[in-house]
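See structure below.
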Amino acid sequence: MYKKPIVVFEGVEGSGKTLHIKHLSNFLKKRKIKFIKIREPGGHFNSEKIRKLILNNKSKFHKNTDLLLYLAARNENLQNLLIKNYKKKVILIDRFTDSTLAYQHYGMGININLINSINSFLLKNFKTNLTFLNLVSKKNMKNRLLKRKTLNRYDKFKMSFYTKVQNGYLKLYAKNKNKYKIIDSNKSILTNKKIIISEFKKLTK
């Protein structure tokens with residue numbers, strides 16, 4: 001279907017998305033398939049600067065400021081990395097536009113039309129091909145966060161917030177199920193690794 005697809009990994013904290021994107025990266029390396037991998041916020045040098053501002057535990061930004069910083073970081077990635085590699089390399093993204101909707105709209109209540117409008121302005125014809133939506137139980141999420149050596153500002157919200165965010169992801173999934181593959185992160189890492197690689201192979205046939 002797609003020779004050089006754009007694959008996104010989404011999910012709340014502790015859902016395993018970063019580990020899963022690492023496994024797919026290793027698979028691509030072994031197959032000598034050219035790819036780039038970025039994270040949001042972060043990625044390009046300028047975006048990483050913005051990441052430090054957003055996630056710093058001493059930062060106390062208004063929710064609208066957070067939104068604009070996330071979108072600014074995304075624009076730096078688009079202008080400096082993503083558009084240049086579009087359809088030339090496989091692109092793996094750890095969080096993308098769905099995260100903005102899940103966290104800033106469903107989690108924090110910012111107007112969804114505003115978010116969609118700015119995203120449309122930034123992305124233009126840049127479209128993703130598949131999103132792995134990683135879901136996790138409250139219990140496993142808590143346990144995984146407790147094991148982290150350091151926690152950033154977005155790791156410290158109340159559980160009720162993460163519940164709203166995960167429910168937001170599920171609402172996005174319900175609107176366009178063909179775009180997503182649900183990954184149950186409560187299952188074993190090996191099981192999910194096999195599922196993700198299998199889905200990627202199907203995507204590139």
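Taking a ≥ b ≥ c as the square roots of the eigenvalues of the Cα gyration tensor, segment 138-205 is classed as oblate, since a/c reaches at least 1.5 and a/b does not exceed b/c. Evaluating 6.51 cos²θ - 1.76 cosθ + 1.60 at θ = phi - 60° for every residue in segment 29-45, the Karplus couplings come out as 4, 5, 7, 6, 8, 5, 7, 10, 10, 10, 10, 10, x, x, x, 5, 3 Hz, glycine and proline recorded as x. Between Lys149 and Lys88, the contour length at 0.36 nm per residue exceeds the Cα-Cα span by 18.3 nm. Ranked by how many other Cβ atoms sit within 10 Å of their own Cβ, fewest first, the residues Ser137, Ser120 fall in the order Ser120, Ser137. Pop a pseudo-label 7 angstrom from the Cα along the beta-carbon direction at both Lys205 and Asn26 and give the gap in nm to one decimal. Between Lys205 and Asn26, the label points sit 2.6 nm apart. Between Leu130 and Ile6, Val8, the built amide H atoms are under 5 Å apart, and every one of these is 5 or more places off in sequence or on another chain. Projecting label points 7 angstrom from Cα along Cα→Cβ for Ser137 and Asn113 puts them 4.1 nm apart. For the chain, averaging the sequence separation of C-alpha pairs within contact (under 8 Å, six or more residues apart) and dividing by the residue count gives a relative contact order of 36 percent.
Each Lys and Arg contributes +1 and each Asp and Glu -1, all at the Cβ; summed about the Cα centre of the chain, the dipole is approximately 880 debye. With the simple spin-label model, which puts each label point 7 Å out from Cα in the Cβ direction, the Phe61 to Ser188 separation comes to 4.1 nm.
Read the figures in this text as sums done on the coordinates, not as results from a lab. The shown structure was predicted, so the numbers you read here are calculated from the model rather than taken from an experiment. Ideal geometry is used to build each Cβ from the backbone, glycine not excepted, and the neighbour counts take in all protein chains shown.
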